[in-house]
Amino acid sequence: MQKPTGFLAMLVIGLWLSGCSSVSPYIIRVNGYTDPRAPAPVKPGGSFCVMENQEAKNPLLEAEVKGKITKLLEMRGFPATTFEKADYYLFFAYGMGEPRSVGVAAPDYFGSIGWGVGYGWGGPAFSIGVPYGTYGANPATLYDRWLLINVVEGPAYRTQKISRPVWVGEARSVGSSSDLRTVLNYLLVADFKQFGQNTGKAVTVEIEAQNPEVAFLTH
């Protein structure tokens, strides 16, 4: 079968690069848990006090996340108040796993020329199998990112310093970004989409890069 001309080869390269430049949504797995003994896990309009971890390694990031959680609560009609008056306390934790390398299957449309690490122009002639390219494994570094939110009843916690959670929300994602400060915005928005709900199982939430709630959190 006749191989593509040089012009077609350059066209394929251009289409491939434009496709790679698009920003994919964040794919996040969310699990929401409620106490089956609580008739209304979080009552509408209940006031919240968001609690910081006083031993956080980065107290400035901790304060930043607290402020974003407060914004998301207020957007949903839950006002922020003092420790002495709160109907609920909200505790949160977050983190990132160690980087891990994986092989990502990708179509080898470029034959001997390719594009990216480990490829070169390789010769004076193009050798591109446009409709029938083979697949190869390209190395990628991925990170596990997670956010945990724990809501407890205010009066019981104030008097006993211990309270059974009324709602727990877990948000987890895997991706190539190691910028936890940025990724947390998407984890927060995804977790709050299920706020106060019992999901019954992990549900997949897609948050677009230009999500308006994320934009609100960062301004």
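Just to be sure, is Gly32 at pLDDT 95 or above, open to solvent by less than 80 Å² (accessible area, probe 1.4 Å) and among the small types (Gly, Ala, Ser)? Walk me through it before giving the result.
Working: at pLDDT 95 or above: yes; open to solvent by less than 80 Å² (accessible area, probe 1.4 Å): yes; among the small types (Gly, Ala, Ser): yes.
For Gly32, the condition - at pLDDT 95 or above, open to solvent by less than 80 Å² (accessible area, probe 1.4 Å) and among the small types (Gly, Ala, Ser) - is met.
Using beta carbons and a limit of 6 Å, which pairs, at least six apart or on different chains, have the first residue in the range 63-92 and small (Gly, Ala, Ser) and the second one open to solvent by less than 20 Å² (accessible area, probe 1.4 Å) and part of a loop (DSSP other than H, G, I, E, B)? Listed by first residue and then by second, the contacts come to Ala86/Ser47.
For Glu206, the requirement of being surrounded by fewer than 17 Cβ atoms within 10 Å (Cβ to Cβ), part of a strand (DSSP E or B) and out of contact with any helix residue (DSSP H, G or I) (no Cβ under 7 Å at 6 or more places or on another chain) is met.
Apart from one condition, Thr82 fits all of (1) open to solvent by 50 Å² or more (accessible area, probe 1.4 Å); (2) over 16 Å from Leu188 (Cα atoms); (3) at pLDDT below 95; the exception is (3).
Scan the range 138-188 for residues that are open to solvent by 60 Å² or more (accessible area, probe 1.4 Å) and part of a helix (DSSP H, G or I) and report the count. Selection size over the range 138-188: 5. If you go through the range 81-99 and pick out every residue that is more than 25 Å from the chain's Cα centre (by Cα) and not basic (Lys, Arg), you end up with 7.
The values are calculated or read from the model by the stated rules, or taken from the named source; none is laboratory data. Fair warning: this is a prediction, and the values are worked out from it, not measured in the lab. Cβ sites come from the backbone with ideal geometry, for glycine too, and all protein chains shown count toward neighbours. The accessibility values were calculated without ligands, DNA or RNA, using every heavy atom of the protein model including side chains. Shrake-Rupley method; radii C 1.70, N 1.55, O 1.52, S 1.80 Å.
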